[in-house]
1. Treating cross-link reach as a plain straight distance, find the aspartates and glutamates whose alpha-carbon is under 19 Å from the alpha-carbon of A:Lys27, omitting any fewer than eight places away in the same chain.
2. Taking only DSSP H segments of four or more residues, each worth -39500 (n - 2.57), what value at 222 nm results for chain A once the sum is divided by all its residues, to the nearest 500 deg cm²/dmol?
3. Would you mind counting up the charge near A:Ala269? Only other residues with Cβ under 13 Å from its Cβ, with Lys and Arg at +1 and Asp and Glu at -1.
4. In whole Å, how far is the Cα centre of the stretch B:79-152 from that of the stretch A:110-130?
5. Hey, if you put +1 on the Cβ of every Lys and Arg and -1 on every Asp and Glu Cβ in the protein assembly as shown, which of B:Leu40, A:Pro53, A:Ser103 ends up farthest toward the positive end of that dipole?
6. How large is the dipole of chain A about the Cα centre if only Lys and Arg carry +1 and Asp and Glu carry -1, each at its Cβ, rounded to the nearest 20 debye?
7. Straight-line reach only, C-alpha to C-alpha below 15 angstrom: list the aspartates and glutamates that B:Lys87 could link to, leaving out same-chain residues fewer than 8 apart.
8. Nearest-5 percent of antiparallel DSSP beta bridges in chain A?
Amino acid sequence: MSRTSPATAGLLLFLAATLCFAQGDAKRGEYLAKAGGCLGCHTVEAKDAKDKPVPYAGGRALKTPFGTFHGPNITPHPEAGIGRWSEADFMRAIREGRRPDGSNYFPAFPYPSFTLITDADLRDLWAYLRSLPQSSRQSEPHDLGFLYRWRFLVSFWKWLFFEPGPFAPEPAKSAQLNRGAYLVRALGHCGECHTPRNFLGGPKKDRFLAGAKDIAPNLTPTRVGKKGDGELKEFLRTAMTPDGDVAAESMAEVVTNTTSQLTPQDLDALVAYLRSLPPLPDEAK
Amino acid sequence: MKKTLLAAGVAIAVGSIAGIALAQVKPDVLVKQRQAVMTLQGKYFGPIAGMASGKVTPYNADVVARSATYLENLAQMPWDGFHENTKGEKSRALPEIWSQKAKFDELAQRLQTETAKLAELARAKDAAGVKQQYAAVGKVCGACHEGFREKQ
C-alpha cells in the first residue's frame, strides 16, 4: 500500500491554496456577474440559434416609459469598452451611479440595487471584467424622451430615491436570510422590475417586491406563499412550472442567465428570503 | 376510390369545423376551451422539457414522440378561441392580442411550425434534435406570454 508522506500532502495543500488565491477573485467575480445578471443588459439578443453575440460587448435595448436605453460595452477594450477605467472608477460607477467623469448614470443602470454590493464582491467583479476578451463593438447611444436627456436632472432623482452604501446584514436574522436578502436586493436587483414605481420612476419602497402592473408579478408571500419550495426552485432553475407552464421571455432570460446558475445553497437562501417578506397585496387593477 | 372517399370525408370535416366557427359560441365558453388547450399543451410539453433537459431520467423516446405529436396538434387549437367577442371576459389574455394582431398571429404560426418540427424529430427518435428543438418551442411560448398574457 503506497502512502503519501505528510510533508508531500502538506506541500500539495499549500500549492492548492496558493493557486486558489491567485485565480480565485476573477472566478468568484464570474459567479457574482451571473448572480447580478449583468449579461442581460450588456449583451445583444441572439437573432437565431446560430447567432452568438459577444458577451458583455453591450447593445441590449431596454424600453422604459422614459425612452430606450442601450447597455454599453463593458469589456476591457480601451476605446469601445471600459479598458481605461481604474478599479476606483468601477467601484464609484456601481456604488454611486457616477461615470468616471463624475456625471450621473441614468438609473436604468440598476445602481440603486447594486450600491448594496459589498466592496469585496465589487473587487472580484472588477477582476472578472478585466479578464474578459476585448471587443471593439461600439456602444449605442440611448434614445430618450425630450425631458429625460439631461443627466444633471438625475441628481434630483438620486436625491429623492437613491441611498448609496453597501448591504448591512441584520444580526437578528439568520445567515441564510441575510444571504438571501443580499442576493435579491443587491446582486439580483429583483426589485428593479418587481417593485412598483411612482410617476417619476422612483421605487415605492413600502411596496417592495409587491409586483408592478403589466411588468412583473408580486413576489411577496401573498402570491409566492401558495407555491411549495420545490415548485419555486424548479421554476427558478428551468423557467417552467411543474404543470408545464412556461415563463414569459424576460423572466426566462433571468432564469437562464442568473437563477439557474446559482449554487443550491444560494437558491435556498433566495427562496427563504422571499418567504420572510411581509405579504403585500397586488397593485390595484 | 379510397382517395375520393377520403377527400369527401375531409371536405365534410372541414365543413363542420367551419360550421362550428360560424355558430355563435358563447365568449365564456371560448375562453374555457382555449384555456383547456393551453393546460394540455403544458401537460405534454412538461415531460418533453423534463427529459430533454436531463431533469427527468431516463429519456424515453416513445413518451417524447407521443407527447410531441399531441403538442403539435394542440398547438393548432387555441387560436380561434381568441375571438374579438372574448375581449371582455375575465382571463389573463391582454388587449394587445387584438391591438397587435399581426404580431400575435405570427407567434401563433411560429408555435405551430416549431412544434411540428419537434414532433417530426421526436417521431424519428432523434434525441439530440429534440434536445435542441424543445428550447425553440419554449422560446415561442415565452415570447407570447411576454406581451400577450397578464403577469400574474
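1. Qualifying aspartates and glutamates at Cα under 19 Å: A:Glu87, A:Asp119, A:Asp121, A:Asp124, A:Asp266.
2. Result for chain A, helices only: -12000 deg cm²/dmol.
3. +2
4. If you average the Cα positions of each part, the centres end up 38 Å apart.
5. B:Leu40
6. 320 debye
7. B:Asp28, B:Glu96, B:Glu150
8. Expressed as a percentage, antiparallel bridges in chain A total about 90.
Only the coordinates and a few stated rules stand behind these numbers; no lab work does. Since the model is a prediction, treat every value here as computed from it, not as a measurement. Virtual Cβ from ideal backbone geometry, glycine too; neighbours counted across all protein chains shown.
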